[in-house]
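What follows is one structure encoded as structure tokens, with my remarks underneath.
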Amino acid sequence: MLISPFSVMPLNEYTDLAPREPLSLEYLATVVASSHEVRILDCKGSFPGSFKILPNSMVHIGASLKQIKNEITESNPDLIGVTSPFDTQVNSVYSIFDLIKSINKDIITVIGGCSASCYPIETLSANKNIDIVVFGEGEHTFLELLDKECMDLKSIDGIAYRENRRIIQNNPRGLIKDLDSLPFPRRDLVPFENYNKPWKTSSQAIFFLKTKGLKYVLSRAISKAFGLETSRKNVRSVRRIEAKILTSRGCPNNCYFCAVKNVWGARMYRMRSAENVLTEMAMLYDKYHVKHFGIVDENFSVSKKRTIDICKGVIECGLDVTLHADSGLYIASTDKEVLTWMKKAGFNELFFGVESGNEAVAKNIIGKEIKLSRVKELVKVCKDLGIKSGGFFIVGVPGETKETMSDTVKFALSSEFDRVRLFTCQPYRGSRLYEDAKKNGWL
């Protein structure tokens, strides 16, 4: 059994109740399913609209521990793997492992994901109910682990485990060279339809009222009573069936604040071929009637040729879809030709990871060389093509000054982006920033 955990987060107007497709577990499942029985339990997707308001203005989103216990008891698995994609979910993940061992101490427990990949030994030390850590790229490691029935662990690269009260970390596993060799993710093992539903359940309605508050409800009622509310009679839902798709792994950058290198390798960038990507997209279009693709690559457009080939393929295959590169574009390889084809294929909004409005900070502190004049040129091209543009920025990186942070804000506001996302720097575990913060006592 593979489990995608529930979330516990602050309760406010930005709290997101919607489940997200657990693509990493779908990839694990497709690799091992030919020789092993596998089931995916998505604690959010399988229990859409489930939540519980907690003390201190927090909310538990997804399956309760009791519901998870029922699922485990019914399945009676020999092994359970839980993904820990974000540090913010690590306590939720640990509580699931504690639950598993309370049900049956003989179930083998495995953790994977970015959080565990950053610190395999520390992860095992933090929770005695975790038996094995799979660190780095997980598909081939997890398959070997199952094929060997979790025996002869010393021979398996890419894991950390316990042996006679000692924690042992084996050598890292080499990265998968040919991503086209991986079968497509097993979306038939998840409640795919639940990732595309609008809010409908009573629990979601209650959640909406609690987060917006009585003031919001009263203001809407007053507006409606005095005829001030805009009529929605002729407003039609434009919600389209969406699938997440991963077309590449890794990033050619090695930003100071980023920890993705712990999974995909530092400055390692591997791509699926345009043909392979288009085959998956066409399958999803025909089988699941997908109309929107969210590309979850760290950097989708590193290869200009491949980006254009994918866009041309979408058009030639007659796919009536929209697309979005969730983490933004690689500025160095993006130009008017690329943007023109992206617009033709269905990219109506694009984001650029600018990070700083001061080139010296971007190069010498963040580790990302960017020409701000080029960013402005790309924004203008987007406007000319009718593409909405957005910029990702970050302030508060150690080494910055008030002046350099002001440069970032000024550039973001003057660059004519349609949308700007300004983030406060955070030391994510596994990043170079986190290690410096730990060493210098900033935490």
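The values are calculated or read from the model by the stated rules, or taken from the named source; none is laboratory data. Computed from a prediction, not measured in an experiment: that's the story for all the values here. All Cβ positions, even for glycine, are placed from backbone atoms using ideal geometry, and neighbour counts span all protein chains on display.
Filter segment 260-270 down to the residues that are surrounded by fewer than 19 Cβ atoms within 10 Å (Cβ to Cβ) and in contact with a Ser or Thr (Cβ under 9 Å, 6 or more places away or on another chain), then identify the one that is farthest from G250 (Cα to Cα).
R270
Cβ-Cβ under 6 Å, sequence separation 6+ or interchain: first residue in segment 377-395 and assigned by TED's automatic domain parsing to the domain that holds V361 and closer than 21 Å to T408 by Cα, partner surrounded by 17 or more Cβ atoms within 10 Å (Cβ to Cβ) and basic (K, R). Which pairs?
Pairs found: none.
Within segment 380-406, which residues are assigned to a helix (DSSP H, G or I), farther than 29 Å from A266 by Cα and not small (G, A, S)?
Matches in segment 380-406: K380, V381, C382, K383, D384, L385, K402, E403.
Output the residues belonging to segment 275-308 that are in contact with a helix residue (DSSP H, G or I) (Cβ under 7 Å, 6 or more places away or on another chain) and of a type in the set (D, E, K, R).
K304, R306
In segment 248-269, is there at least one residue being more than 19 Å from F351 (Cβ to Cβ), part of a strand (DSSP E or B) and of a type outside the set (G, A, S)?
yes
Scanning for something surrounded by fewer than 16 Cβ atoms within 10 Å (Cβ to Cβ) and either in contact with a helix residue (DSSP H, G or I) (Cβ under 8 Å, 6 or more places away or on another chain) or part of a helix (DSSP H, G or I) (or both), does segment 131-140 turn up at least one residue?
No, there is no match, as no residue in segment 131-140 is surrounded by fewer than 16 Cβ atoms within 10 Å (Cβ to Cβ) and either in contact with a helix residue (DSSP H, G or I) (Cβ under 8 Å, 6 or more places away or on another chain) or part of a helix (DSSP H, G or I) (or both).
Considering only segment 354-394, how many residues are at pLDDT below 95 and within 30 Å of L319 (Cα to Cα)?
0
Can you pull out the residues in segment 47-93 that are modelled with pLDDT under 95, assigned to a loop (DSSP other than H, G, I, E, B) and of a type in the set (S, T, N, Q)?
Hits for segment 47-93 are S50, N56, S57, S84.
Can you spot a residue in segment 10-21 that is farther than 28 Å from N104 by Cα, buried (at least 21 other Cβ atoms within 10 Å of the Cβ), assigned by TED's automatic domain parsing to the domain that holds K69 and in contact (Cβ under 8 Å) with a residue 12 or more places away in the chain?
yes
Could you grab me the full set of residues in segment 241-289 that are among the β-branched types (V, I, T) and modelled with pLDDT of 95 or more?
Residues satisfying the conditions are I245, T247, V277, T279.
When both residues are 6+ apart or on different chains and their Cβ atoms are under 8 Å apart, which pairs have a first residue that lies in segment 151-171 and is touching a residue at least 40 places away in the same chain (Cβ under 8 Å), and a second that is part of a loop (DSSP other than H, G, I, E, B) and basic (K, R)?
none
If you check V90 against the conditions, is it crowded, with 16+ Cβ neighbours inside 10 Å and either in the same structural domain as W264 (by TED's automatic domain parsing) or within 14 Å of L25 (Cβ to Cβ) (or both)?
So V90 does not fit the description; no.
Could you list all residues from segment 138-176 that are in contact with a strand residue (DSSP E or B) (Cβ under 9 Å, 6 or more places away or on another chain) and basic (K, R)?
Selection gives K154, R162, R173.
So is K101 over 25 Å from the mean Cα position of the chain (by Cα), among the basic types (K, R) and part of a loop (DSSP other than H, G, I, E, B) or not?
Taking the combined requirement at face value, the residue does not satisfy it.
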